[in-house]
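Accompanying notes for the structure given below.
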Amino acid sequence: MTQYSLYFCYLSIAQTLTAAIATSISMISAQRQVTRIRKAYFAATLRQEVAYYDSVDSAVTAQAMTQESKKIQDAIGEKYSTSLKCLASFVGGCGLGFYYEWKYSLAIFAFLPAIAIAAVLMFMVDKKMRRVRDSSYAKSNTVAEEVFSGIRTVAAFGKEIYELDRFNSSLELSKKNGIKFAPLKGLAMGFLPCVMYVMFGFGFWYGGQLILFEGWTVGQMFTCLLVVLIGVTLLSLFFTNLEYFTSAIVAAEKLYHLIERESTVNYESTSGFPVPCQFEANVSINNLFFKYPTRDQSVLNGISLEVKSGQTVALVGESGSGKSTVIQLLQRYYNYESGSIRIGGKRIENYSVQELRSQIGVVNQEPILFNKSIAENIRLGYPDATDKEIEAALAEANALDFVKRLPEGIHTVAGQQGGLLSGGQKQRICIARVLIKKPKLVLLDEATSALDLNSEALVQKSLENMGVNRTVVVVAHRLATIKNADKIYAMRDGKVVEFGTHDELIKKKGYYEQLCMLQGMAHDQEKDSKAKNVKESVENTFKENETDFGEDSKDKYSKSVFKELMKLNSPESCYIIFGCFFALCAGAVEPFFAVAIADFIYVFSESKTTEQLEDEILVWALVTGGLGLILMVTVFLGKTYLDIIVNIFF
């Protein structure tokens, strides 16, 4: 006995070491693979053209990078090594079983197709549920992201109930689908152990026949039965891990759909002409037609215009006339349908995307700053810029004075989306970022329309400094800011209706003059209104927000979480009670199975006739099979009830 005890000790030590090594290696490998997947996915998101994000929620795309990759990591890490161990045990059990008695092992393994059918059914149902659930959760996350980012607007319009209903509606599909498939998944999970118990019952009966009529010993039968039992038990554990692999497959489909997608405007492409050192930023647009991929209506309908190097050209017109679209096409955010855009004498699609954009500076209506220092934000325009060069760019943008008064000067963090700075301050830092880039072509898309009068004056002066010795294309609603432009193009319905200087267009008494007259009246009203509200200097730097947390807020969450959950689940208490009851019943089957094995062995220890032994063997075989049926029913009901609860509340 001592020798066999030592054998068990040696085996346990060997299993512990091999399992630890296998798990460690698989988890390290999984971490490295997932890191590469995340990098590839993020690179793919940057590689996509802007048109891709017109139809895809950027928040969902960002969430997928962490959530979906985590599912892949779980599957190819610990679960992968565990599943391999289970399969190895199953194969080893099969081999030993066939080695000791092929006929007996073959009879038992005849039940494997039924086990495989149950596993495949569970796999397919789970995969379908996860796809619908993940899609529904993505929609609900989008709604939540919109509400959280615009919470002040929601509160201002009193739309809290509306947004709550919209969020709840986005989860309905997942809820209905989960409730629909819960019985099917419960049946598959119950059928799998049922087949195994029936298989063991058959093994008891057939082994008893071999003992009674072919001279087998109880030890021979149980040796063969146990190796098969261990192999099949671990095979069932492998099937339970299919849930993780299913989740990983669905997650990988989402990630690799984007990773393998070819962008129509790829910044990584090396094809195309490099921009020459003596680049002349002449812009020529000829008979250009364009519509956004997500719309059916054309935005540009045969527009043509010319911008000579060093000129400042303005695009004016009503909202929706296509002005900003021209700015986006010049940056190659989209591919146009027909016509041509030439910069420096060559079609823009013939340039390398990176080369082309390196020569273009853009200032948009909404200034975008990252949660970095002001210096780091400006270095996006020129990564090798020194602090002196940054200060020179800030001075040229009329921003150096207020930046020097910040706590850490140019090293002050701007906050999330520049939230610690005012609108005018952010805009001037964006202008400095463009200036340090020293672009040949500058695009200004309503750069001052969202500013107050004082900030607008400072920013407008910065813009005028930026336009010196550069080609500038300006989109403006405030016509007073572009009176000195070399040429003005008035646009309507995607077409140029007239062009010329400010004085020439006024003399024509056409569309441009109408815009000036309308805006003149609006401008006077706006000026009076804003003059009353300008109470603080444009140089105010940081916005202070104080929140008073009273004592009540500290005690708000002191209640028992368990009690709160029970109260929340009270409408579904019947489902919870029945689900827990049947889950307990399913767990109680296992001890009874152990008793059945012991009593089956005890049968052969008594002196009985062959007929009596046959009857008792049959009884215990039927008892084992009956336990399998009970387990199937209890697992089916327990899983169904509890899955319904999960889908109702989560």
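The values are calculated or read from the model by the stated rules, or taken from the named source; none is laboratory data. None of these values were measured; they are calculated from a predicted model. As a convention, Cβ positions derive from the backbone with ideal geometry for all residues, glycine included, and neighbour counts pool all protein chains shown. Remember, those area values only see protein heavy atoms, side chains included, never the ligands or the DNA or RNA. Shrake-Rupley method; radii C 1.70, N 1.55, O 1.52, S 1.80 Å.
Tabulated values for the structure
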item	result
From the options 91, 34, residue that is assigned to a helix (DSSP H, G or I) and crowded, with 18+ Cβ neighbours inside 10 Å	34
Criterion (over 30 Å from residue 286 (Cβ atoms), among the basic types (Lys, Arg) and in contact (Cβ under 8 Å) with a residue 24 or more places away in the chain) met by exactly one of 357, 405, 342, 332	405
Unmet criterion (only one of (1) over 30 Å from residue 14 (Cα atoms); (2) among the charged types (D, E, K, R); (3) buried (at least 17 other Cβ atoms within 10 Å of the Cβ)) for residue 101	(1)
Residues that are among the polar types (S, T, N, Q) and modelled with pLDDT under 85, drawn from region 600-650	605, 607, 609, 610, 612, 640, 647
Qualifying residues in region 287-316 (those that are of a type outside the set (D, E, K, R), over 16 Å from residue 328 (Cα atoms) and without any contact (Cβ under 8 Å) to a residue 60 or more places away in the chain) - the one surrounded by the fewest Cβ atoms within 10 Å (Cβ to Cβ)	297
Answer from 369, 394, 380 - the residue that is under 27 Å from residue 416 (Cβ atoms) and assigned to a helix (DSSP H, G or I)	394
Unique match (being free of Cβ contacts under 8 Å to residues at least 12 places away in the same chain and either within 22 Å of residue 27 (Cα to Cα) or over 43 Å from the mean Cα position of the chain (by Cα) (or both)) among 96, 84, 106	106
Any hit, region 145-157, residues being outside any helix (DSSP H, G or I), open to solvent by 50 Å² or more (accessible area, probe 1.4 Å) and not β-branched (Val, Ile, Thr)	yes
Of residues in region 487-514 being open to solvent by 20 Å² or more (accessible area, probe 1.4 Å) and in a loop (DSSP other than H, G, I, E, B), the one nearest to residue 323 (Cα to Cα)	493
Qualifying positions in region 212-253 - part of a helix (DSSP H, G or I) and among the aromatic types (Phe, Trp, Tyr)	213, 222, 238, 239, 244, 245
Residue match in region 38-48 (condition: farther than 30 Å from residue 208 by Cα, touching a residue at least 60 places away in the same chain (Cβ under 8 Å), surrounded by 14 or more Cβ atoms within 10 Å (Cβ to Cβ) and hydroxyl-bearing (Ser, Thr, Tyr))	yes
Qualifying residues in region 449-486 (those that are part of a loop (DSSP other than H, G, I, E, B) and in contact with a His (Cβ under 9 Å, 6 or more places away or on another chain)) - the one modelled with the lowest pLDDT	449
Any pair with Cβ under 6 angstrom, 6 or more apart, that starts in region 205-233 at a residue that is touching a residue at least 40 places away in the same chain (Cβ under 8 Å) and ends at one that is of a type in the set (Asp, Glu)	224/101
Qualifying residue in region 380-392 (condition: in contact (Cβ under 8 Å) with a residue 40 or more places away in the chain and in contact with a Pro (Cβ under 9 Å, 6 or more places away or on another chain))	yes
Any hit, region 123-139, residues being part of a helix (DSSP H, G or I), within 27 Å of residue 227 (Cα to Cα) and at pLDDT below 80	yes
Some residue of region 588-596 being without any contact (Cβ under 8 Å) to a residue 24 or more places away in the chain, open to solvent by less than 70 Å² (accessible area, probe 1.4 Å) and part of a helix (DSSP H, G or I)	yes
